[in-house]
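**Student:** Before we start, here is the structure in question, set down as C-alpha cells.
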2 protein chains.
Amino acid sequence: MAKAARKTGTRTDQSNGQIQPKTARGEATRKAILSAAERVIGERGFNEASIGHITSEAGVAQGTFYIYFKSKDEVFSELVLEMGRLVRRALSEATQNIENRLDAEKAGLTAFLEFIRAHPDLYRIIQEALFVDPEAYHAYYHTFAEGYRSGLEAAVKAGQIKPGDADTRAWALMGISRSLGERAVIWGDKTPVEDVVETAHDLIVNGLKP
Amino acid sequence: MAKAARKTGTRTDQSNGQIQPKTARGEATRKAILSAAERVIGERGFNEASIGHITSEAGVAQGTFYIYFKSKDEVFSELVLEMGRLVRRALSEATQNIENRLDAEKAGLTAFLEFIRAHPDLYRIIQEALFVDPEAYHAYYHTFAEGYRSGLEAAVKAGQIKPGDADTRAWALMGISRSLGERAVIWGDKTPVEDVVETAHDLIVNGLKP
DNA sequence: TCCGAATATGAATACTGATTCATGTTTCAG
DNA sequence: CTGAAACATGAATCAGTATTCATATTCGGA
C-alpha cells in the first residue's frame, strides 16, 4: 500500500491532497463516486469492495475513479473524515443551547443514536478504519474524547456533576454510545431510541445502586 | 473467499471442521502456526498478514499451513473462538464467588482490563472479525451480552441493583469495558488499571449526579 | 463557432498472494 | 526392521484487482 503514485492529469490536487473538480459535471461525478463508495464499502467492507464495484454502482467507468481520487485508500479516508464531520455537527446542533451537562448528555445520546441509525454504513466504515486508516480512526475518537473530556471538566467546575477523572469518564461514556449504536445498527435491535436513552441516561446519572 | 476447497490429504477434519494432528509433532506445529497467526494478524491486520508472513514467523514452509488449516479465513475464525474462550474463562474465574453484583462488576472490569492489556493482539482480532468473520463476531458479543443480561436480571430480583432494562444495560456496560480496554490497548493509555476501574465503577454504581 | 481544458472510457498492465501439488522426510505400529 | 501414514517442503499455479493509459467526448469561454 501507499504507492503515492503521482499523475493527476491537469487538475491540481489541493494542499489537503484532494483532487478538485473544475466544473459542475465533475463535481457531480465526484459526489456520485463518493456516495457509491460509502454504500459499497459499508456493505461489503473495504477489501471486498473493488473499484469496479464502486464505479459500477456510481454508473461511471473504472478509470473515472482515478480522475477524482488518488487511490482506493484515499476515498476511504475521505469517508472517515466526512463521517466525523457529520457526527460532530449532529451532536453539537443537538446539544447547542443546553446548559446542564446531564441534559446535554441525554440529548447527545439521542442524537447520536438517531444519526447512526440513519447512516448504518458509516458506522462500519469507522470501525474498519482501525485497520485501513489508523490515523483517521485515531483522529475520529480522540477528537470526540477531547471534547467530551473538557465538557465534563467544565461540568464538574459548575457543580453539575460530581468530581472524577474526566478522561476515563469520557471514554466510558463514549463506549456506552458506541455499544448501543452498534447493537442497533449491526445487530438490528429495534428497541426505540427513546427507551434506550432512558435506560442509559438513568444509568449515567444515577448508576445501578438500588 | 469461501472457496470451500476440499482435499486434506489423509487427516480427517472433525465434525467441527478443524484438521486434527495425529502426532505430538503435528500438534506442536499446529500450535506454532496458530500462535504465529495471532501475532502477525494482530499486528498487521488480516489483509496485510500473508500466509507467508505467518509461516515464516512460525518457522515452517508455506505449504505446511494447509496441512492444519483449510484456509486463511479458518485460522482467523479459530483465533476469534479462542479469544472468546479465554476472556470468558478469565472473567468467570475473577467473579466466581462474588455474591454481590456490584462487586462482581468491579472484579469483572478489572479482570477484563488486565486480560486485554496482556493480549493486545486479541483485541484487534475481535474488532476485525466484524469484517472477516461476522458470525464469530456476533457470537462473541452476544454470548457476553446474554450472560451479562441474565446476571443483571438476577441482581435486580435480589435487590442488589435498581430495576431497569437489563439488555440495554448489558450493552452499555459492555461498551464501557470495551472502550476503556481500547483506550489502553490501542491508544497506549497508561492510567493504572486500578484507577480506571475506580472511576468507572463509581460511574456504574453512583452515576454522575453530584 | 471553435479550441483547449476537463471529463470519460474501458482495455491492458502489473503485481500480489492464496492455494495446490509433486516430491521428500520422519515417525511409529507391527 | 520396515512400510505406510503423517508431516514437511517450496516452487508453480491461478485468480483477482488496483492502477495506468491511449483514446474519445463534452463543455465553457472567447
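Rule-based calculations on the coordinates, nothing more; no lab input. Predicted model only: the values in this text are computed from it and were never measured. All Cβ positions, glycine included, derive from the backbone under ideal geometry; neighbour counts span all protein chains shown.
**Student:** In nm, to one decimal, how far is the modelled label at A:His142 from the one at B:Glu82, with both set 7 Å along Cα→Cβ?
**Tutor:** Modelled inter-label distance: 3.2 nm.
**Student:** Please compute the volume of the convex hull spanned by the alpha-carbon atoms of the stretch A:87-210 and report it per residue in Å³.
**Tutor:** It comes to 111 Å³ per residue, whole-number rounded.
**Student:** Take A:Lys190, project a point 7 Å from its Cα along the Cβ direction, then tell me which residues of the stretch A:113-131 have their backbone nitrogen under 11 Å from it.
**Tutor:** none
**Student:** Assigning unit charges at the beta carbon (Lys, Arg +1; Asp, Glu -1) and nothing else, what dipole magnitude in debye, to the nearest 20, does chain B show about its Cα centre?
**Tutor:** It works out to roughly 700 debye.
**Student:** Picking from B:Leu122, B:Ala58, B:Leu180, whose Cα lies most toward the positive end of the charge dipole for the stretch B:53-181 (charges on Cβ: Lys, Arg +1; Asp, Glu -1)?
**Tutor:** B:Leu180
**Student:** Same structure again: For the stretch B:95-210, with only Lys/Arg (+1) and Asp/Glu (-1) charged at the beta-carbon, what is the dipole magnitude about the Cα centre, in debye rounded to 20?
**Tutor:** 280 debye
**Student:** Over the stretch B:136-210, what relative contact order in percent results from Cα pairs under 8 Å that are six or more residues apart?
**Tutor:** 21 percent
**Student:** Report, to one decimal in Å, the Kirkwood hydrodynamic radius for chain A based on all distinct Cα pairs.
**Tutor:** Taking every pair of different Cα atoms in chain A, averaging 1/r and inverting gives 19.0 Å.
**Student:** Sticking with this structure for a sec: Cα gyration tensor of the protein assembly as shown, axes a ≥ b ≥ c as square roots of the eigenvalues: rounded (a/c below 1.5), prolate (a/b > b/c) or oblate?
**Tutor:** Because a/c hits 1.5 or more and a/b fails to exceed b/c, the protein assembly as shown counts as oblate.
**Student:** Shifting gears a bit: Per residue of the stretch A:202-210, what does 6.51 cos²θ - 1.76 cosθ + 1.60 with θ = phi - 60° give for ³J(HN,Hα)? Whole Hz please, x for Gly and Pro, Karplus curve as stated.
**Tutor:** Using θ = phi - 60°, the values come out as 4, 4, 5, 7, 10, x, 8, 3, x Hz.
**Student:** P(r) for the stretch B:72-124, please, calculated from all Cα pair distances in 5 Å bins and given in %.
**Tutor:** 4, 20, 25, 20, 14, 9, 5, 2, 1
**Student:** What residue among B:Leu79, B:Leu130, B:Leu109 has the largest mean-square fluctuation in a Gaussian network model of chain B, using Cα springs under 10 Å?
**Tutor:** Top of the fluctuation ranking is B:Leu130.
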